[in-house]
Amino acid sequence: MGIGFIALIVFILLIIGWTTILKRSIGEAMIIGFIVTALFGGTNALNMMWDGIVFGATNEVLFAALAFVFMAYVIDKTGIITLLINILNSLLGRIPGGPAHVDTASSTLFGLISGSGSGNAATTGSVTIPWMIKSKWPREVSATICAGNAGLGIALPPSSSMFILLGFAPIAAVVSEGDLYFALLIGGSYQILYRVILTFWFVKKHNIQTLKGEEIAPLRKSFIMGWKSLFIFFGILIPLTVTIGPLAESLMANPKIGEDAIDSISLLVWVPILITSISMIIGYKKLPKSFSEWNTFLHGATSKFSVIGVLLLFAFAASENLKQLGLSKDLTSMLAILNLPSWLIIVIVGALIVLVAGPLSGTATLTAIGLVAFTALVSAGVHPTVAVVAILMFASTEGASPPSSAPIFIASGIAQAEPGKTFSPLIFYYVIPVFLIGVLIAMGILPLPV
């Protein structure tokens, strides 16, 4: 067992023990976890700490998480979110748990486009989380649902993760894009069906009621009062149309712009910037007017940054430490020497992917161990196309895997919820069930068209 894998196990156990047994804050746990993983580097520990901090501080997801927290603060203070929620309630308020169902649907659609769990949680959560809270959902449950849905894009075609696996020559030689597309569509549908059932169960468990008739304004009235709030969706549509689709292809073909320029546009960066700007323009009457008012306004915003900023900074820093300790190499070696029953190989491969997708992103996980996981599953008798689908199912837990998945902290930041309180529900309601779906697919119990 390599030092990288041992460090990963210690890191996870330390975070869980620090937060659940000692009842200390998740921020403290993440800092200590970062230091402990660096100490596994021995004499190189200080260099690893520095490299980890630089990696975390320069990671765009850190900026995006803080930007989305500020965005949520602005659309709340300017009253934009209230106007938007009134329109949404007029449309779907009579459906129990309506905003949670919308989060599942929008996470599916946006996940297909972005392929980013962090971007998925931030973009869909900026609308659905405040809506859920206004509809009497508990804050922690709202954050749990959003983070739990964040990885849906990986589980459905045509995700970027799907093409990462098809980029490996041994996989591309035996799995066609067309066959994988249809098989993954069915595999992802199992997840969607599970989430729909889960949402109905959440509605019953937390006694979420449909809004009373007098609480739901007629659509015409809510639209007249709040139609300007719909402009915030341009904050999502503009960067999407510029980076994906016919307009993006036209801009890439323009020699004065080019593919590199379009590829450099980050949804995680521009979505919160545009939505915040649009909200300030629309809701300018509710913005501060004097220096002292602005000081109070900004102080209220920055006070929300501390927890999520510390968590993500040291989560990313720890993931860089694990990378330098050779985690991917350790996992590759472990999978290569397995000589076990096929069902046990499936379970072990799935568990390793889920384990690694916690501190790393889904794409990083697949890049690191996707090929060796495929080889192990095929050697255990799994059909090549089924093996790829199962791997993508396992990796789609990235957003819901405590203790260091970025979508957890992004969703918790928007919901103003304690991230640690989402850990157990995420594991029980999302990580384990999605893992089991992947296992059942690999074993052929949940059939795929292959």
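Here are the numbers for this structure:
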{"read-out": "Single unsatisfied condition, residue 113 versus (1) modelled with pLDDT of 75 or more; (2) open to solvent by 10 Å² or more (accessible area, probe 1.4 Å); (3) not in a loop (DSSP other than H, G, I, E, B)", "value": "(1)"}
{"read-out": "Filter pass, residue 349 being open to solvent by less than 40 Å² (accessible area, probe 1.4 Å) and at pLDDT 85 or above", "value": "yes"}
{"read-out": "Which listed residue, of 78, 43, is more than 23 Å from the chain's Cα centre (by Cα), hydroxyl-bearing (Ser, Thr, Tyr) and surrounded by fewer than 17 Cβ atoms within 10 Å (Cβ to Cβ)", "value": "43"}
{"read-out": "Residue satisfying all of: in segment 51-60; of a type outside the set (S, T, N, Q) and open to solvent by 20 Å² or more (accessible area, probe 1.4 Å); nearest to residue 264 (Cα to Cα) among these", "value": "60"}
{"read-out": "Out of 157, 170, sole residue that is at pLDDT below 85, under 23 Å from the mean Cα position of the chain (by Cα) and of a type outside the set (Phe, Trp, Tyr)", "value": "157"}
{"read-out": "Sole residue being assigned to a helix (DSSP H, G or I), buried (at least 17 other Cβ atoms within 10 Å of the Cβ) and either over 24 Å from the mean Cα position of the chain (by Cα) or among the acidic types (Asp, Glu) (or both), chosen from 48, 30", "value": "48"}
{"read-out": "Within segment 12-27, tally of residues that are more than 26 Å from residue 351 (Cβ to Cβ) and either of a type in the set (S, T, N, Q) or part of a helix (DSSP H, G or I) (or both)", "value": "2"}
{"read-out": "Complete set of residues in segment 392-450 that are open to solvent by 30 Å² or more (accessible area, probe 1.4 Å), more than 23 Å from residue 372 (Cβ to Cβ), part of a helix (DSSP H, G or I) and not small (Gly, Ala, Ser)", "value": "421, 425, 427, 428, 429, 432"}
{"read-out": "Filter result (crowded, with 24+ Cβ neighbours inside 10 Å, in a helix (DSSP H, G or I) and at pLDDT 85 or above) within segment 125-141", "value": "129, 132"}
{"read-out": "So residue 104, is it out of contact with any Asp or Glu (no Cβ under 9 Å at 6 or more places or on another chain), modelled with pLDDT under 75 and part of a helix (DSSP H, G or I)", "value": "no"}
{"read-out": "Residue ID - modelled with the lowest pLDDT, chosen from residues in segment 224-234 that are open to solvent by 30 Å² or more (accessible area, probe 1.4 Å) and closer than 20 Å to residue 77 by Cα", "value": "233"}
{"read-out": "Selection status of residue 409, under 19 Å from the mean Cα position of the chain (by Cα), farther than 11 Å from residue 187 by Cα and modelled with pLDDT of 90 or more", "value": "no"}
{"read-out": "Qualifying residue in segment 318-327 (condition: open to solvent by 50 Å² or more (accessible area, probe 1.4 Å) and at pLDDT below 85)", "value": "yes"}
{"read-out": "Residues of segment 235-280 that turn out to be under 26 Å from residue 77 (Cβ atoms) and surrounded by fewer than 14 Cβ atoms within 10 Å (Cβ to Cβ), as a count", "value": "1"}
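The values are calculated or read from the model by the stated rules, or taken from the named source; none is laboratory data. Worth saying up front: this structure is predicted, and the values here are computed from it rather than measured. Virtual Cβ from ideal backbone geometry, glycine too; neighbours counted across all protein chains shown. Remember, those area values only see protein heavy atoms, side chains included, never the ligands or the DNA or RNA. Shrake-Rupley method; radii C 1.70, N 1.55, O 1.52, S 1.80 Å.
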